Amino acid sequence: MYTVAESTELQADAELVIEVLSEKEDVLLDYSVDSISWLDHYIDAHRAKLDDGDKSVLREKLGAFLGESIRHNYGGRWVKDSDDTWMIVFDEARQASPFDLIGEHLDHHTALSDVFEHLPDHCQMRQN
């Protein structure tokens, strides 16, 4: 069961990621596939220097950015599941967990841009 909740903090986190990384890295980020590809390479370039605390913060902030990118490109809405975890839900059967996707990329080098580009094929089917 999902609970629709206010997601303005997540949207603000996503905007903060755009603002900070765009300025710091001299890149123009938005919610496009190209920005997700850039983020993919950025994480790859910095992964070796990240400790668990860094990964936790990045999972939170970059997860919000990825979630907003998903919403802007594929639709869906932010909701909290029964475990109080933010998800993007497209309909009763399809959902995506942007925070888990970022965590997988940080820990296991998954191809974030490939997952993003093919998201409709990768959406978890919810079991009723």
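Which far-off residues, 5 or more places away or on another chain, put their amide H under 5 Å from the one on residue 111, with H placed in the peptide plane?
Counting only residues 5 or more places away or on other chains, the set is empty.
What whole-number distance in Å separates the alpha-carbon centres of region 50-77 and region 86-103?
Distance between centres, Cα-based: 11 Å.
Could you give me the ³J(HN,Hα) list for region 62-67, computed from phi with Karplus coefficients 6.51, -1.76, 1.60 and θ = phi - 60°, whole Hz, x at Gly and Pro?
Working through the residues one at a time gives 6, x, 5, 4, 4, x Hz.
In µm²/s, what is D for region 44-128 at 25 °C and 0.890 mPa s, where D = kT/(6 pi eta Rh) by Stokes-Einstein and Rh is the Kirkwood radius from Cα pairs?
On the way: Rh = 13.3 Å.
So the translational diffusion coefficient is about 184 µm²/s.
So what is the relative contact order for the chain, in percent, with contacts set as C-alpha pairs under 8 Å and at least six apart?
About 29 percent, as a whole number.
To the nearest 0.05, what FRET efficiency results for residue 16 and residue 46 with a Förster distance of 22 Å applied to their C-beta separation?
On the way: r = 18 Å, r/R0 = 0.80.
Calculated value: 0.80.
Taking 22 Å as R0, compute the FRET efficiency from the Cβ-Cβ separation of residue 34 and residue 93 and round it to 0.05.
On the way: r = 29 Å, r/R0 = 1.34.
E(calc), rounded to 0.05, equals 0.15.
What is the set of long-range amide H partners of residue 94 at a cut-off below 5 Å, with H atoms built 1.01 Å from backbone N?
HN-HN under 5 Å from residue 94: 126.
Any read-out appearing in this document is the output of simple, stated calculations on the displayed coordinates, not a laboratory observation. None of these values were measured; they are calculated from a predicted model. Cβ coordinates were reconstructed from backbone atoms using ideal geometry, including for glycine residues, and neighbour counts include every protein chain displayed.
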